[in-house]
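A quick write-up on the structure given underneath.
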Amino acid sequence: MSFEILDRDLAGRIGKLETRRGVVETPLLLPVVNPSLQPVSPEEMRRDFGCQAIIANAYLLKKSHEKEVLSRGVHDFLGFDGTVVTDSGGYQILVYGDVDASPEEIVRFQEEIGTDVAVILDIPTGWNARRERAEYTVDETLRRAKAALTMLKSKNLLWVGPVQGGNHLDLVSRSAAEIGRMSFDIYALGSPTQVMERYLFDVLMDMIVAAKTNLPVEKPFHLFGAGHPFMLSFAVATGCDIFDSAAYAIYARRGKYMTDHGTISLKDLRYFPCQCKVCAEHTPQELSETPSKEKERLLAWHNLGVCFAEVRRIKQAISDGRLWELLELRARGHPSLLQALKRLGDYSNYLEAGTPISKGKGLLYLGSQGLARPEVARYRDKIRSWTPPSEADVLVLLPQPSSKPFHRSREYRRVFSLLSKKLGRSVDRIHICFYAAPYGLIPLELDETYPLSQFEVALPLDAETMDYVAERVEDYLRSRGGYGAVVFQPDPILGGKVEDACKRAVGPEKLITPSREKIWSVKAVKDLVDRVDTAFKTLRGTY
Ligand SMILES: [Zn+2]
């Protein structure tokens with residue numbers, strides 16, 4: 001098996017997974033196909049949506065169509081020539097308590113019907129399982145995984161090893177670490193369906209990260225039962241590569257219309273916010289009045305289109321380095337997603353590891369949730385270990401000029417040219433830094449490194465962002481005690497809070513604040529330069 005990663009952002013990635021029926025691209029959405037209840041045929045999925053792979057339930061196939069599937073093979077039986085994944089029936093155990101097939105029978109059946117990707121029969125933990133039960137499901141799944149690996153015959157079939165543990169995160173970690181040592185081709189998070197049905201997306205983030213950080217990174221990761229478009233970006237951003245969706249069909253049966261930011265009852269719609277074939281050719285009222293089987297089929301077709309479109313949007317966001325921006329957009333669709341976004345703040349380092357150091361596009365800072373994004377966290381670490389020039393006596397702290405990179409702005413050039421005139425060669429002993437949201441303090445020497453001159457910020461800033469900037473400035477000044485004086489130029493956006501932070505860090509006696517003339521005016525710049533000159537000469541006098 002080969003899984004090649006082509007592009008990444010946050011912990012999300014675009015990859016190519018080789019299966020024996022061809023190469024599929026991840027993030028990959030597998031529509032769940034149920035042969036006895038199928039509103040959109042696999043053939044249509046292929047033709048209309050370019051669907052590369054589908055998933056069916058091996059247990060249900062065995063129970064209802066065993067002979068036929070065995071004789072025709074699963075591809076022919078389902079009418080699909082792309083990659084076929086089969087799930088084992090673990091979900092049925094969760095819902096009905098047990099299934100009437102042994103783990104060995106399910107493994108063998110999947111091999112015999114010629115499936116391309118197969119799952120061992122695991123025991124899902126389920127939501128809210130008590131610890132003892134959760135421990136049992138983890139241990140029993142591991143035991144079954146080990147046993148399954150000893151009996152495999154088919155060589156090029158990809159096997160999925162499920163991680164259990166439910167919301168007991170330590171068990172999820174242990175389960176992942178142990179199954180990660182076994183030679184599965186793909187790993188999966190079992191039993192998050194109920195967590196998702198309850199919209200506990202913050203808990204889901206915890207579960208995914210607990211599993212992923214204990215599994216081999218180079219292997220694909222499947223999140224079972226996550227087929228709703230509005231949360232897919234969150235699953236991808238935390239490192240899930242494969243999804244299966246039955247929701248498109250289940251929702252259609254219930255008269256529910258999917259959008260990329262939530263689900264609406266068809267009866268509540270007066271206008272369709274979509275231009276697909278179904279939505280373009282019908283009004284909501286016409287669709288409501290269509291006979292129920294046909295209505296279900298049309299709704300399922302639209303729903304599926306929305307799911308595939310969201311997967312493409314996510315891929316484009318990864319390729320643009322704008323996956324975080326997509327999360328922020330989706331987080332506006334539902335409070336539970338905003339909660340999930342906030343939870344990602346706990347995982348900055350994890351997300352940072354997958355994020356490229358430099359991207360083609362700058363970042364869009366929309367508010368304090370963005371403080372958790374990897375670029376901001378990465379810069380925080382970078383500046384902590386950065387050493388300022390050793391000969392610097394006076395720190396001049398300027399607000400953000402009107403253009404980037406800061407050192408090429410006309411404001412900076414004016415300050416620097418006046419300073420050089422005044423101080424001559426001693427200008428080398430002046431260290432110039434900027435303060436700007438969301439990063440905090442930016443030394444002149446670093447202002448061209450990504451993304452310090454590629455970002456846009458929404459003004460006015462929120463209180464958390466201002467506090468963060470002030471905190472970063474204070475942190476820098478406290479850890480770099482070498483300056484003899486700090487000349488601080490206030491600005492109307494951040495001035496007050498950052499000035500207080502400077503005062504706390506270096507003490508009022510070392511802090512010099514120019515008069516509050518209109519910022520960057522000729523008078524203000526002259527006043528600033530005079531004060532730097534005085535501060536420098538006073539320091540010189542004391543040497
Ligand atoms: Zn539509």
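The values are calculated or read from the model by the stated rules, or taken from the named source; none is laboratory data. Quick caveat, the model's predicted, so the values are computed rather than measured. Using ideal geometry, Cβ is built from the backbone for each residue, glycine included, and neighbour counts are taken over all protein chains shown.
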- Note on the structure: Only unsatisfied item for GLY484, checking (1) surrounded by fewer than 19 Cβ atoms within 10 Å (Cβ to Cβ); (2) of a type outside the set (Phe, Trp, Tyr); (3) within 17 Å of GLU471 (Cβ to Cβ); (4) touching a residue at least 24 places away in the same chain (Cβ under 8 Å), is (3)
- For segment 351-374, enumerate the residues that are surrounded by fewer than 19 Cβ atoms within 10 Å (Cβ to Cβ), out of contact with any Leu (no Cβ under 9 Å at 6 or more places or on another chain) and assigned to a helix (DSSP H, G or I). ALA353
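Looking only at segment 217-228, decide whether some residue is of a type in the set (Val, Ile, Thr), surrounded by fewer than 24 Cβ atoms within 10 Å (Cβ to Cβ), more than 16 Å from the ligand (Cβ to nearest atom) and not in a loop (DSSP other than H, G, I, E, B).
Our first condition is that a residue be of a type in the set (Val, Ile, Thr); within segment 217-228, this holds for 217.
Keeping just the survivors that are surrounded by fewer than 24 Cβ atoms within 10 Å (Cβ to Cβ) gives 217.
Those left that are additionally more than 16 Å from the ligand (Cβ to nearest atom): 217.
Add one more test, that the residue is not in a loop (DSSP other than H, G, I, E, B), and what stays is none.
No, every residue in segment 217-228 fails to be of a type in the set (Val, Ile, Thr), surrounded by fewer than 24 Cβ atoms within 10 Å (Cβ to Cβ), more than 16 Å from the ligand (Cβ to nearest atom) and not in a loop (DSSP other than H, G, I, E, B).
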- The lone exception for GLY333 - which of (1) within 16 Å of the ligand (Cβ to nearest atom); (2) part of a loop (DSSP other than H, G, I, E, B) it fails: (1)
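Regarding segment 11-20, can at least one residue be identified that is over 30 Å from ALA353 (Cα atoms), of a type outside the set (Phe, Trp, Tyr) and surrounded by 17 or more Cβ atoms within 10 Å (Cβ to Cβ)?
So in segment 11-20, the residues over 30 Å from ALA353 (Cα atoms) come out as 20.
Going one step further and asking which of them are of a type outside the set (Phe, Trp, Tyr), we end up with 20.
Then keep just the ones that are surrounded by 17 or more Cβ atoms within 10 Å (Cβ to Cβ); that gives none.
No, segment 11-20 contains no residue that is over 30 Å from ALA353 (Cα atoms), of a type outside the set (Phe, Trp, Tyr) and surrounded by 17 or more Cβ atoms within 10 Å (Cβ to Cβ).
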- Query: Taking segment 134-182 on its own, how many of its residues are among the charged types (D, E, K, R), more than 17 Å from PHE221 (Cα to Cα) and surrounded by 15 or more Cβ atoms within 10 Å (Cβ to Cβ)?
  - Reply: 3
- Task: List the number of the failed condition for ARG297; all other conditions in (1) touching a residue at least 60 places away in the same chain (Cβ under 8 Å); (2) more than 35 Å from the chain's Cα centre (by Cα) hold.
- Result: (2)
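Quickly run through segment 50-74 and pick out the residues that are of a type outside the set (A, V, I, L, M) and crowded, with 19+ Cβ neighbours inside 10 Å.
Going through segment 50-74, the residues of a type outside the set (A, V, I, L, M) turn out to be 50-52, 57, 59, 62-68, 71-73.
Of everything in segment 50-74, those that are of a type outside the set (A, V, I, L, M) and crowded, with 19+ Cβ neighbours inside 10 Å turn out to be CYS51, GLN52, ASN57, TYR59, LYS62.
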- Query: When segment 153-183 is examined, which residues are found to be out of contact with any strand residue (DSSP E or B) (no Cβ under 7 Å at 6 or more places or on another chain), assigned to a loop (DSSP other than H, G, I, E, B) and more than 17 Å from VAL195 (Cβ to Cβ)?
  - Reply: LYS153, SER154, LYS155, ASN156, ARG181, SER183
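In segment 289-310, which residues are more than 20 Å from GLN38 (Cα to Cα) and either within 11 Å of the ligand (Cβ to nearest atom) or surrounded by fewer than 19 Cβ atoms within 10 Å (Cβ to Cβ) (or both)?
Filtering segment 289-310 for residues more than 20 Å from GLN38 (Cα to Cα) gives 289, 309-310.
Selection gives GLU289, ALA309.
Condition check ((1) outside any helix (DSSP H, G or I); (2) hydrophobic (A, V, I, L, M, F, W, C); (3) within 37 Å of the chain's Cα centre (by Cα); (4) within 17 Å of TYR450 (Cα to Cα)) across all residues:
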| site | (1), (2), (3), (4) |
| --- | --- |
| ARG380 | no, no, yes, yes |
| ALA392 | yes, yes, no, no |
| LEU398 | yes, yes, yes, no |
| ARG414 | no, no, no, no |
- Message: Would you confirm whether or not segment 310-318 contains a residue that is assigned by TED's automatic domain parsing to the domain that holds MET207, modelled with pLDDT of 95 or more, within 25 Å of the chain's Cα centre (by Cα) and in a helix (DSSP H, G or I)?
- Response: no
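Residues that are modelled with pLDDT of 95 or more: list the helices (runs of 4 or more DSSP H) wholly contained in segment 74-118 that include at least 1 such residues. If you could, list the steps in order and put the result at the bottom.
Values: elements: 74-78, 90-96, 103-112.
By residue number, 74-78, 103-112.
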- Do you know which residues across segment 243-285 are over 26 Å from GLN92 (Cα atoms) and away from the ligand (no atom under 13 Å from the Cβ)? HIS261, GLY262, SER265, LYS267, ASP268, ARG270, GLN285
